[in-house]
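Take a look at the structure set out below.
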Amino acid sequence: MKQDMIVVLDLGSTENTVLARRIRDLGVYSEIHPHDITVEELKALDNVKGIILNGGENRVVDGRAVEVRPELYDLDYPVISVDYPSSKCETQLKELPDEETLKKFVFDTCGAKANWNMKNFIEDQVELIRRQVGDGKVLLALSGGVDSSVVAALLIKAIGQQLVCVHVNHGLMRKNESESVVQVFRDQLHANLIYVDASERFLGKLENVSDPEQKRKIIGGEFIRVFEEEARKLEGIEFLGQGTIYPDIIESGTKTAKMVKSHHNVGGLPKDLKFKLVEPLKQLFKDEVRACGVEFGLPHSMVYRQPFPGPGLGVRCLGAITRDRLEAVRESDAILREEFEKAGLDKKVWQYFTVVPNFKSVGVKNNARSFDYMVIIRAINTIDAMSATIERVDWDVLQKVTDRILAEVDNVNRVCYDMSPKPPATIEFE
Ligand code: XMP
């Protein structure tokens, strides 16, 4: 490993991630580990320079105090405790919000070097992947989202043609999204890419299905079946690449904190596929994944892609999906994205998209009565997607988007702007 590391031991803090982030922001790599890490496990981590015992409100679990193993104090690492009473620890702090104290500990006491950057990360991961995979083959579901795209770029660099990427187009992708995956990975990066156009199969299964949960189940289930069918055609695959990132692991629960939500990648692939996992991004925060994508020269649109639900446009074409409304969602979404980009809003607004409900309203077109669909524009800002506020989009930008949608998108005679925050609304409509 090239990077020096500060280990944060989780003794019940809810701020472990914030602390690890602050250390990484100083240019020093940091990982969070459970309080009961063993000496052997700690020694197996390369280049540890110091340990922070990070206590907090969950210091007592099920009536028992959370403790570190006493042997840890006998090792040669500098140790400080934060909000954790420890008689064996020379430096005990009530809290660590002040930057100077943190810097002093990291650089002066531990002697860590600020060598955490994406170039070193990539070099390390390439070596680790090669060591793990040997001359085996890795299969990767490449959705075109930032995480799977960066994993693909890393794996291509590490093992080239030993990687097999499968891109399943479920027919609910945004305009030109699948084409861009093929263009970047097959044409530019020369990846071994299997492109499966399963649009007809998905749309067939979704015909006349209007219940949102049922739609989601069909899309998720069918995705697994298509992927499995492709995987079974291939021979000698031992590993599965996954775009798991650090928050996925942290949110799935630690020994002192309750689970926030359980994450399953690639739509929860069945266990009987029996692959060993390769998860090279599992220590990265989202912005670091993006920085890694930039280092690889992936397109801006891929690296800074806004969140896009797994079931794709299926959750924005309300009720039973019909081809005309799906096309209206896809085209209006493309117009919205284009105009937001021109107005610089793509860098400001967290998520923006269009929705087409499954009812028509009366309008006038070419001096005659029209009976057509409506496009709803939604643009929101949020930190964690748990709550959201609406973006006060400039009136001229909204007017331009509206004019273009009405002129360029078939079967639409009305455009609305959704003013609802979350709660009580959700971000998506379903
Ligand atoms: P809601 O509608 O619950 O959405 O307020 C919160 C955020 O989650 C995204 N979302 C999904 N992301 N798979 C995903 O990866 C999904 O199935 C899914 N459904 C919703 C949504 O776009 C919003 O950013």
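The values are calculated or read from the model by the stated rules, or taken from the named source; none is laboratory data. Treat the numbers as computed from the prediction; the structure is a model and nothing was measured. A quick note on method: Cβ atoms are made from the backbone with ideal geometry, for glycine too, and the neighbour counts reach across all protein chains shown. Remember, those area values only see protein heavy atoms, side chains included, never the ligands or the DNA or RNA. Shrake-Rupley method; radii C 1.70, N 1.55, O 1.52, S 1.80 Å.
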## Note on the structure
Those residues of the stretch 396-419 which are surrounded by 14 or more Cβ atoms within 10 Å (Cβ to Cβ) and within 16 Å of the ligand (Cβ to nearest atom) amount to Asp418
### Message
Would you confirm whether or not the stretch 337-360 contains a residue that is open to solvent by 30 Å² or more (accessible area, probe 1.4 Å) and over 26 Å from Asn176 (Cβ atoms)?
### Response
yes
### Query
What do you reckon, is Tyr352 assigned to a strand (DSSP E or B), touching a residue at least 12 places away in the same chain (Cβ under 8 Å) and away from the ligand (no atom under 16 Å from the Cβ)?
no
### Query
Are any residues in the stretch 385-395 open to solvent by 80 Å² or more (accessible area, probe 1.4 Å) and under 25 Å from Lys215 (Cα atoms), and if so, which ones?
Met386
### Summary
By residue number, the members of the stretch 212-233 that are away from the ligand (no atom under 16 Å from the Cβ), in contact (Cβ under 8 Å) with a residue 40 or more places away in the chain and open to solvent by 20 Å² or more (accessible area, probe 1.4 Å) are Glu228, Glu230
### Task
Any chance you could count how many residues in the stretch 120-163 are surrounded by fewer than 21 Cβ atoms within 10 Å (Cβ to Cβ) and aromatic (Phe, Trp, Tyr)?
0
### Message
So, Ala379, is that one within 28 Å of His170 (Cβ to Cβ), among the small types (Gly, Ala, Ser), modelled with pLDDT under 95 and out of contact with any Lys or Arg (no Cβ under 6 Å at 6 or more places or on another chain) or not?
### Response
no
